[in-house]
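Please read the structure below before turning to the comments.
The values are calculated or read from the model by the stated rules, or taken from the named source; none is laboratory data. Every value quoted in this text rests on a predicted model; they were computed, and no experiment measured them. As a convention, Cβ positions derive from the backbone with ideal geometry for all residues, glycine included, and neighbour counts pool all protein chains shown. Note: accessible area is taken over every heavy atom of the protein model, side chains too, but ligands, DNA and RNA are not part of it. Shrake-Rupley method; radii C 1.70, N 1.55, O 1.52, S 1.80 Å.
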Amino acid sequence: MAKDAADPFATFVAWYREAQGHADIPDASAVNLATASPGGAPSNRMVLIKEFGPSGFVFYTNLSSRKAKELKANPLASLCFYWAPLGRQVRIEGAVTQVGDGEADSYFATRPIDSRIGAWASRQSEELVSRTELAGRIARTAARFAAGEVHRPPFWSGFRLTPDRMEFWTNRSGRLHDRVGFERIGADRWRRFLIYP
């Protein structure tokens, strides 16, 4: 990372592209998403980032899922990318907003057909009696859409996390890791600082 780097997104893009090209990293877009309930109880899970840039990092989900409910009640979250073969980690914190219908529709149309059917069939985060029950829901959904386009369900959309803070971590010997932080100080300005390991 350049000593005078003032744009965390430029650094992120460079690191992300390197992770994408690494043979031992199956999916560079996989990231741990942490949310919290209104009472502050945390939960986390892996999601896939489908778009990123200065405006934020976008992921998609069923709006009835636990993460979506927590984000609507407490719209602050954090992401953590960890690319072990590169010895790198990126932490991102900020506010979350739901994407617009047009953006969600456009992304949904790019998903494989089985993923689109699955979005309709799954009651994400609810208790499931058996895989047989899920298989039945998938079969009925596939039959329903057999003659037409599988459009986006109204209960499925995306969220954009707009960073207020980003941290770039690089593994070093003796656990004396490099940590470089960025804190937003304006719409397009960031303060860069070093962090003790």
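Answer yes or no: is there a residue in region 58-70 that is without any contact (Cβ under 8 Å) to a residue 60 or more places away in the chain, of a type in the set (Phe, Trp, Tyr) and either open to solvent by less than 70 Å² (accessible area, probe 1.4 Å) or touching a Ser or Thr at 6+ places or on another chain (Cβ under 9 Å) (or both). Looking for residues that are without any contact (Cβ under 8 Å) to a residue 60 or more places away in the chain, of a type in the set (Phe, Trp, Tyr) and either open to solvent by less than 70 Å² (accessible area, probe 1.4 Å) or touching a Ser or Thr at 6+ places or on another chain (Cβ under 9 Å) (or both), one finds none in region 58-70, hence no.
Per-residue answers, yes or no, for (1) in contact with a strand residue (DSSP E or B) (Cβ under 9 Å, 6 or more places away or on another chain); (2) loosely packed, with under 15 Cβ neighbours inside 10 Å:
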site: Thr11; (1), (2): yes, no
site: Ala34; (1), (2): yes, no
site: Gly40; (1), (2): no, yes
site: Ser43; (1), (2): yes, yes
site: Met46; (1), (2): yes, yes
site: Glu51; (1), (2): yes, no
site: Trp83; (1), (2): yes, no
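Within region 140-156, the set of residues being without any contact (Cβ under 8 Å) to a residue 40 or more places away in the chain and either of a type in the set (Ser, Thr, Tyr) or open to solvent by 60 Å² or more (accessible area, probe 1.4 Å) (or both) comprises Arg140, Thr141, Ala143, Arg144, Ala146, Ala147, Glu149, Pro154. Just one of the listed residues (Leu79, Leu71) is closer than 30 Å to Arg179 by Cα and assigned to a helix (DSSP H, G or I), and it is Leu71.
Among the residues of region 85-110, which ones are open to solvent by 20 Å² or more (accessible area, probe 1.4 Å) and closer than 23 Å to Gly40 by Cβ?
Within region 85-110, Arg91, Glu93, Ala95, Thr97, Gln98 meet the criteria.
It is to be established whether one or more residues within region 47-59 are among the aliphatic types (A, V, I, L, M) and either more than 15 Å from the chain's Cα centre (by Cα) or farther than 27 Å from Ile117 by Cβ (or both). No, region 47-59 contains no residue that is among the aliphatic types (A, V, I, L, M) and either more than 15 Å from the chain's Cα centre (by Cα) or farther than 27 Å from Ile117 by Cβ (or both).
In region 157-176 there is no residue matching the filter, namely being open to solvent by less than 50 Å² (accessible area, probe 1.4 Å) and at pLDDT below 95.
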